[in-house]
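Written out below as structure tokens is the structure these notes cover.
A short reminder: the numbers here are calculations on the coordinates, not readings from a lab. Source: prediction; values computed, not measured. A quick note on method: Cβ atoms are made from the backbone with ideal geometry, for glycine too, and the neighbour counts reach across all protein chains shown.
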Amino acid sequence: MNRAGSIACAVTAIGVFAWGAYNLWAPRPVRSERAQLVAEAQQNAQRAFAAVETVPLSSIPDNEALRTVLARVKLDADQVDTPTEDVHAVVAAATDLFAHRFMRKDPAGYIAWRKSAGYRFRTRDQILKAGGEAASYEAAAGAPPRDDQTLEEIFAAVWRYVEANSDASTKPAYIASVPEGLAIRFGELDPSGPRRYPRPVGIFGTALWMAPVSGGYTMWFAPPCDVGALLKSRVRVRSATFSAIVECVDSSRYALTFRMVQDPDSRRWYVAAVSLYAAPHGNIKDLF
């Protein structure tokens with residue numbers, strides 16, 4: 001996890017690190033050509049995203065109003081028969097997570113909403129060790145988390161630190177308000193292969209929606225269903241991807257992507273992961 005200076009970075013910038021490893025061993029001419037292709041892909045996405053109409057978050061009074069904006073998303077031509085209730089449920093799940101994270105500034109309220117919606121904290125080892133969030137807390141508090149501290153306390157401390165120290169490129173201020181700036185795609189997680197979520201297509205196409213620089217946030221919460229266990233049991237899990245172009249305080253734009261699963265028992269949709277694409281840089285800090 002990249003933690004520049006004293007600011008804790010709550011995102012694992014996978015794309016950036018993978019690109020760095022590639023550069024380390026690739027021959028210089030290949031590295032140069034690859035760098036040019038990456039730069040061109042990012043520039044193409046940025047040019048396309050810059051033309052998308054957005055609405056200021058400050059003008060959106062509540063979740064319902066935001067849901068109305070994001071519901072303007074259009075299904076891809078080959079998925080127009082997708083049940084309307086699934087589309088509405090995926091949009092609602094993305095709306096609620098975005099609103100509670102970016103339109104409210106209350107970690108206790110965020111945790112309460114997560115739990116009331118059915119989400120659960122991941123284990124301490126998953127969050128603090130594998131996810132690297134022990135270092136995030138240490139940057140926030142000046143000391144490692146204690147064994148007697150709850151995850152709620154640790155999360156709230158990291159939240160407040162990130163809010164106080166993140167720069168303008170990490171603070172969404174606008175969100176796409178037209179179909180061009182939104183994408184939705186449904187699929188299934190295959191028990192026999194890697195966990196691959198559907199790739200957004202939308203009006204721009206996958207190449208722009210998944211352009212570099214990319215990264216995946218460390219998730220503190222998980223859906224109530226254990227997706228890994230379901231896949232090991234050979235259960236095919238329905239999945240979806242919802243993407244929206246956001247503009248931050250510094251006017252930079254990127255594609256914010258929510259990867260979702262449907263609980264096989266309750267049939268409810270939950271956000272399992274949050275990623276970003278076509279970011280102007282990989283130093284994006286936040287927590288979910």
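What's the ranking of 196-207, 58-69 by average number of surrounding C-beta atoms within 10 Å, highest first?
So the peptides 196-207, 58-69, ranked by packing, come out 196-207, 58-69.
Please list, or write none, the aspartates and glutamates whose alpha carbon is within less than 17 Å of the alpha carbon of residue 129, excluding same-chain residues fewer than 8 places away.
138, 147, 148, 152, 153
Straight-line reach only, C-alpha to C-alpha below 18 angstrom: list the aspartates and glutamates that residue 74 could link to, leaving out same-chain residues fewer than 8 apart.
53, 85, 86, 180
I'm a student and want to see the number: the projected area of the Cα convex hull of the chain, averaged over all directions, in nm².
With every direction weighted equally, the projected area is 15.8 nm².
Evaluate E = 1/(1 + (r/R0)^6) for residue 236 and residue 143, where r is the Cβ-Cβ distance and R0 equals 45 Å; express this FRET efficiency to the nearest 0.05.
That pair, residue 236 with residue 143, gives E of 0.50.
Quickly rank 35-42, 136-143 as a protection proxy: mean count of other C-beta atoms within 10 Å, highest first.
In descending order of packing, they fall as 136-143, 35-42.
Considering only C-alpha atoms, what is the centroid distance from segment 106-174 to segment 237-288, in Å?
Between the Cα centres of segment 106-174 and segment 237-288 lies a distance of 18 Å.
Go ahead and collect, in residue order, the members of segment 187-217 whose backbone nitrogen is under 15 Å from a label point 7 Å along the Cα-Cβ direction of residue 77.
201-206
With a sphere of radius 14 Å drawn around the Cβ of residue 151, what net charge do the other residues whose Cβ falls strictly inside it have (Lys, Arg +1; Asp, Glu -1)?
Charge balance near residue 151 sits at +1.
Please give the contour-minus-distance gain from residue 123 to residue 62: 0.36 nm per residue of separation, less the Cα-Cα distance, rounded to one decimal in nm.
Extra length available between residue 123 and residue 62 comes to 18.8 nm.
When we measure straight from the Cα of residue 105, which lysines land under 16 angstrom away, once same-chain ones fewer than 8 places off are left out?
The reachable lysines, counting only those whose Cα sits under 16 Å from residue 105, are 171, 285.
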